[in-house]
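The structure is given below, and queries will be raised subsequently.
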Amino acid sequence: MLSQRTLPLLLVLLLGFITFGETKPNVVFIIIDDLNDMPYQPEGKPLVPTPNIDRLKAQGVTFTNAHTNDPLCAPSRASMIFGLYPQTTSLYWFENWKDNGIYRESISLHDNLRQGGYGVYGTGKIYHGSQNGLFDEFGHYGDVGPWPWDGQSENFRLPHPQQLYLYEGDDADIDYKWEHVFGPLSEVPVWPADPPNGIPGYTGWRLFGKPWQYVNDDDRDPLADELGAEWSAAVIQRKHEKPYALFVGLIRTHTPLYAPKKYFDRFPLNSIELPAVDPNDLNDVSRALGNEELYGFRRYKMLMKHESKGLFRRWLQAYMACVSFVDDQVGTILDAVESSQQRDNTIIFFTSDHGFHVGEKNFLYKGSLWEPSTRVPLIISGVPGGAKGATSDQPVSLIDIYPTFNELLGLNSNPNAETNGYELEGHSLGPLIKDPKNGEWSGPDVAITTIPGKNHMQHQIYEGTLYPHFSVRGKRWRYSLASDGGEELYDHKNDPFEWRNLANNSEYSVVKANLKSQLVGLRDGDRWQSLGTLDMWNSSGAGIAQKQGEIRIADRSRSELSTAANFDHFEFEMDIKMEAKTRLGIVYREGSHPKIESPKSGSAAAEHSAFHFGEWNRYRFRVHYGRHQLWINNRYVSDEVKEHVGNAGPITIKRASGGGELRIRKARIRKL
């Protein structure tokens, strides 16, 4: 029986809980573009003081082992906002999420907030691409300028004319020339006139498609992030009729690295400590991941070619200046929260869409599976009952943001139940916010990250590129598996800079096997269904049998194999072996004519896919609405969008022409 002294205490606690439940907290979510872990002041990187981000650390929980799920802007942000892994949606690259069938049918975090009674505000870059119609009220677009101009070009993204020497010689072919330049805004661009080519020339900057005034740091127009921070402060200071969720996308650490001169002056060149590097670092990396023709390696080499100009140190200074600039914008937002009437009822999230190499592994970009690219800052403060000034080293990732919102704000935890049925794939960070050391974490022991096989140096021609690669990061170990079978294993306890690949060291075979199992589980999910036995297929014609784990279709006319079930939207994989005289035909959805045929010997498709007759070849194709994607031997062959979708039907495997036996193994499918 409860004592009379206990009852009043319980009543107070209950009333406090009800009061909080009736007054839902506001949320300010700050996401920075291309910001690595410099705000954590890690060893091996130049030191950048971030006093405003430090204020957040003191007020909440810092997740020191947080990672992106894809270190590129578009897939990272889409995955975070919809709570689905890139490997679930197949959006790995710079694609419009609105064209993705799974995302189109999913409920975004913002829509879930609206359904939960929140007003949803946004400014800057939240989604990759257009923000139109996605927020109840939107502030300012996230333009990564200002930009030089030549006086006539319709292309507003031009490189700085005083740095065009970067693109001489071997680097003339590098794409996205606008994003390799850097410097203080005081270096006003002067584009020389070139009358024979119709270029009138121009002196000055432009932003948002119009002239942007710069006289000096004290007499200039505001940058996009400054506009966004001030607009956000005004939203925070308003009187709101219902709880609000404010999403602030700051873009300044995205290249080109321009910032006011005063931020450069904070980091004199001779005071900058260069990142820790090992000259032999690339000797033992995976062939696919360490291909030095990739964009990040090319960018690093481009700067190092001009060693006499000290470009690499100057580039570092520019990145550091942009980090410091962004920190000041965070300060503007925090000041608004702390001076508002809702300061004690406002949760703040701070993170980045992915990291960014600053020379580690001779790499200068995002888009790798190494720590500088995958690791992101993640700080959460203002949660009632949450820890303050604490850290958690639990491996987590941006996929966990959506479920954390749902728990902290009392939102629908299964928002897609009435649409496509996809459950959110992350886990709430709530228990770790309350107890960073011993909170009951329901998620995996590792965080998974993927990168596409595509790369900017391929100039939009991607045939032959590899299927996406994957990596998992635990508390101590990182394990990466490239789609060509290459592996990397790093021990962060003894090798925090990932200089020694232990994947081929038998001493760590058990560790590697355990991490690989976790990686495959998170990569593949639980939707795959095996088609490895004949009872999953209908056969017609003679000579179809199962032997030694294979299904064999003998050299008989009209012999074919069809799945017992019909499929509409799906992903299918199998190994197949055939002779050179045999043409494979695969039919799916309705119809009888093959939609996929095996490459002809000596064809471009055979070359792109490394197809070998008489050997096992891995087929993977994904069909979702009108989009049809095909990989052979983990290499990209085709990606088509067809107007006619067609109805569901079986998957049929047969000869398109020729004779010879067809042998199939490891067939599996998952519905989308």
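The values are calculated or read from the model by the stated rules, or taken from the named source; none is laboratory data. Since the structure is predicted, the reported quantities are computational estimates derived from the model, not experimental observations. Because the Cβ atoms are built from the backbone with ideal geometry, glycine has one as well, and the counts that use them run over all protein chains shown. Keep in mind that these areas ignore ligands, DNA and RNA; they rest on the heavy atoms of the full protein, side chains included. Shrake-Rupley method; radii C 1.70, N 1.55, O 1.52, S 1.80 Å.
Using the Karplus equation 6.51 cos²θ - 1.76 cosθ + 1.60 (θ = phi - 60°), what ³J(HN,Hα) coupling, rounded to whole Hz, does each residue of region 81-91 give in order, writing x for Gly and Pro?
With the stated coefficients, region 81-91 comes to 6, 9, x, 10, 5, x, 6, 7, 9, 6, 9 Hz.
To continue, here is another question. Between R665 and F613, with labels modelled 7 Å along Cα→Cβ, what's the label distance in nm to one decimal, could you check?
2.2
Tell me, what is the Rg over Rh of region 463-540, with Rh the Kirkwood radius over Cα pairs?
Numbers: Rg = 16.6 Å, Rh = 14.6 Å.
Result: Rg/Rh = 1.14.
Tell me, what is the FRET efficiency for E187 and K475 to the nearest 0.05, using R0 = 51 angstrom and their Cβ-Cβ distance as r? Mind showing how you got there, number by number?
Numbers: r = 44 Å, r/R0 = 0.87.
My answer for the efficiency is 0.70.
Amide H neighbours of R627 under 5 Å, at least 5 residues apart or on other chains, H built in the peptide plane: list them.
K642
Hand me the GluC sites (Glu not before Pro) from region 506-594 located in a DSSP loop with no more than 15 other Cβ atoms within 10 Å, in residue order please. Before the final figure, lay out each step's value.
Details: sites: E507, E550, E560, E571, E573, E579, E590; in loops: E579, E590.
Passing both the DSSP loop test and the Cβ count: E579, E590.
What do you get when you divide the Cα radius of gyration of region 117-258 by 2.2 N^0.38 Å, with N the number of residues? If you can, show how the numbers build up before the last one.
Numbers: Rg = 18.1 Å, N = 142, 2.2 N^0.38 = 14.5 Å.
Output field value: 1.25.
So if each residue of separation counts as 0.36 nm, and I subtract the Cα-Cα distance between V510 and V641, what length gain in nm does that give?
Details: separation 131, 0.36 × 131 = 47.16 nm, distance 4.34 nm.
Gain in length upon complete extension: 42.8 nm.
Sticking with the crude label model, points 7 Å out along Cα→Cβ, report the distance from Q162 to D284 in nm, one decimal please.
For the pair Q162/D284, the computed spacing is 4.5 nm.
Among the lysines, select those whose C-alpha is under 17 Å from the C-alpha of K24, and discard any that sit fewer than 8 residues away in the same chain.
Filter leaves K239, K242.
Here's something else I'd like to know. Ignoring everything but the protein chains, give the 1.4 Å probe accessible area of F138 in square angstrom, nearest 10.
Approximately 50 Å² for this residue.
Rounded to the nearest 500 deg cm²/dmol, what is the calculated helix-only ellipticity per residue at 222 nm for the chain, with -39500 (n - 2.57) per DSSP H run of length n ≥ 4? Spell out each step's value before the answer.
Numbers: 15 runs with 148 residues, N = 672.
The helix-only estimate for the chain comes to -6500 deg cm²/dmol at 222 nm.
Right, here's the next one. If R0 is 25 Å, what FRET efficiency do you get for A390 and D335 from their C-beta distance, rounded to 0.05? If you can, show how the numbers build up before the last one.
Details: r = 23 Å, r/R0 = 0.93.
That pair, A390 with D335, gives E of 0.60.
What translational diffusion coefficient, in µm²/s and rounded to a whole number, does the Stokes-Einstein relation yield for region 320-432 at 4 °C and a viscosity of 1.567 mPa s, taking the hydrodynamic radius as the Kirkwood radius over Cα pairs? Intermediate results must be reported in sequence, preceding the final value.
Numbers: Rh = 16.6 Å.
It comes out at roughly 78 µm²/s.
I would also like to ask the following. Mean separation of Cα pairs under 8 Å and 6+ residues apart, divided by the residue count of region 132-255: what relative contact order is that in percent? Each step should come with its number before you reach the end.
Working: 155 pairs, mean separation 38.0, N = 124.
In percent, rounded to a whole number, it is 31.
Another question, then. Using only Cα atoms, locate the centre of region 504-579 and the centre of region 258-326, then give the distance between them in Å, rounded to an integer.
Each part reduced to its Cα centre gives a spacing of 45 Å.
Hey, with R₀ at 60 Å, roughly what FRET efficiency would H492 and K581 work out to, going by the Cβ-Cβ distance, to 0.05? Don't skip to the answer; put the middle values down first.
Working: r = 52 Å, r/R0 = 0.87.
Working from the Cβ atoms, E equals 0.70.
Give me the percent relative contact order of the chain, please, defined on Cα pairs under 8 angstrom at least 6 residues apart. Could you put the intermediate results ahead of the total?
On the way: 1460 pairs, mean separation 111.6, N = 672.
Contact order relative to length: 17 percent.
Quote to one decimal, in nm, the extra length available between E273 and N291 on full extension: 0.36 nm per residue of separation minus the C-alpha distance between them. Can you show the working numbers first?
Details: separation 18, 0.36 × 18 = 6.48 nm, distance 2.72 nm.
Separation in residues times 0.36 nm, less the Cα-Cα distance, equals 3.8 nm.
Given a 1.4 angstrom probe, I'd like the percentage of the accessible area of region 421-533 that is carbon and sulfur, rounded to a whole number.
The nonpolar share, carbon plus sulfur, comes to 46 percent.
Placing unit charges on C-beta atoms (Lys and Arg positive, Asp and Glu negative, everything else neutral), compute the dipole magnitude of the chain about its Cα centre in debye, rounded to 20. Walk me through the numbers before you get to the answer.
Details: 72 positive and 84 negative charges, 336 e Å.
Once rounded to the nearest 20, the dipole reads 1620 debye.
Computed over the Cα atoms, what is the radius of gyration of region 182-308 divided by 2.2 N^0.38 Å, N being its residue count?
Values: Rg = 21.1 Å, N = 127, 2.2 N^0.38 = 13.9 Å.
Here the answer is 1.52, to two decimals.
How large is ³J(HN,Hα) for each residue in region 540-548, as worked out from phi by the Karplus curve 6.51 cos²θ - 1.76 cosθ + 1.60 (θ = phi - 60°), to whole Hz, x for Gly and Pro?
So the Karplus estimates, Gly and Pro as x, are 10, x, 9, x, 9, 8, 10, 9, 6 Hz.
Going from the alpha-carbon gyration tensor of the chain, what semi-axes, largest first and in whole Å, does one get by taking the root of 5 times each eigenvalue? Please list the in-between numbers first.
Values: eigenvalues 384, 233, 120 Å².
Equivalent-ellipsoid dimensions as semi-axes: 44, 34, 25 Å.
Expressed in nm to one decimal, what extension gain is obtained for the pair S603 and D445 from 0.36 nm per residue of sequence separation less their Cα-Cα distance?
Values: separation 158, 0.36 × 158 = 56.88 nm, distance 4.48 nm.
Extra length available between S603 and D445 comes to 52.4 nm.
So who's got an amide H within less than 5 Å of the one on S638, skipping anything under 5 residues away but keeping other chains? H placed 1.01 Å off N, in plane.
L630
Continuing with this model, one more query. Looking at region 251-343, which trypsin sites (Lys or Arg not before Pro) are in a loop (DSSP not H, G, I, E or B) and have at most 11 other Cβ atoms within 10 Å? Write out the running numbers ahead of the final one.
On the way: sites: R252, K261, K262, R266, R287, R298, R299, K301, K305, K309, R313, R314, R343; in loops: R252, R266, R287, K305.
Sparse-neighbourhood loop trypsin sites (Lys or Arg not before Pro): R287.
So, one more: What does the charge count near F29 come to, summing +1 for each Lys or Arg and -1 for each Asp or Glu among other residues with Cβ under 13 Å from its Cβ? Mind showing how you got there, number by number?
Values: positive: R77, K125; negative: D353.
Charge balance in the 13 Å sphere: +1.
What are the GluC sites (Glu not before Pro) within region 163-233 that DSSP puts in a loop, where the Cβ has at most 11 other Cβ atoms within 10 Å?
E168
Within 10 Å, count the other beta carbons around each residue, average over each peptide in 208-216, 360-368, and list them highest first. Walk me through the numbers before you get to the answer.
Working: 208-216: 13.2, 360-368: 24.4.
Most protected by this proxy first, the peptides run 360-368, 208-216.
Determine the equivalent ellipsoid of region 385-478 by diagonalising the alpha-carbon gyration tensor, then write out the semi-axes as square roots of 5 times the eigenvalues, largest first, rounded to whole Å.
Numbers: eigenvalues 198, 81, 23 Å².
Values for region 385-478, descending: 31, 20, 11 Å.
Continuing with this model, one more query. Would you mind checking K366/K454; K57/K361; K547/K666; K600/K642 for any pair whose Cα atoms are more than 19 angstrom apart?
Details: K366/K454 13 Å; K57/K361 29 Å; K547/K666 13 Å; K600/K642 23 Å.
Checking Cα-Cα distances, K57/K361; K600/K642 exceed 19 Å.
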